[in-house]
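First comes the structure, then the notes that go with it.
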Amino acid sequence: MATDDLMSRALAALDEVDGPMSVEVIHRLVDVGAATDPMTITEVADLLDMSPHTLRYYERIGLVKVARDASGHRSYDAQAVRRLVFLTRMRLSGMAMRDLQHYMRLADEGDDTVPERLDLLLEHRDTIRRQLKELTLSLAATEYKIATYGGHTGPSSAEQA
């Protein structure tokens, strides 16, 4: 399952949510609970549509810890895959690598760092909200031009639901 499939599942899950979004939407993205066997780097790369090189880089800079099997090959457990799903969502939303490294260092330090992690996420959420407003404005400008050229802009996402 590639990242596009993950995104499609996430967007479909969002359509099913009544009320505030739950962390369960993210948990359902990758159903690794049924997979009891560790995954190889190739399997994880395919699942997340990432290169093995990127996965090794994430490990090297401390974003994810990966066990090794008896042969010395990387062995990704469900926790590592869930962390990688989170990392890919944060990168897609524009979080800087240094901020991700800082966040993950804090997460690895334990519950005492929850307030600082919360502050980082609140700041990032504000950034995402601004990006969404900017993208909405860009969409409006694009649809205006489409209409100007005689095209049909179609219903908005809200009207489709």
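For T153, no residue 5 or more places off, or on another chain, has a built amide H under 5 Å of its own. The share of alpha-carbon pairs in the range 48-161 lying farther apart than 17 Å comes to 67%.
Backbone phi angles across the range 81-90, fed through the Karplus curve with coefficients 6.51, -1.76 and 1.60 (θ = phi - 60°), yield HN-Hα couplings of 5, 4, 5, 5, 4, 4, 4, 5, 5, 5 Hz in residue order; Gly and Pro are listed as x. Shown in residue order for the range 67-74 are the 3J(HN,Hα) couplings computed by the Karplus curve 6.51 cos²θ - 1.76 cosθ + 1.60 at θ = phi - 60°: 6, 10, 7, 4, 8, x, 7, 5 Hz (x for Gly and Pro).
Just so you know, all these numbers are worked out from the coordinates, no wet-lab data involved. The model shown is predicted, which means the values in this text are computed figures rather than measured ones.
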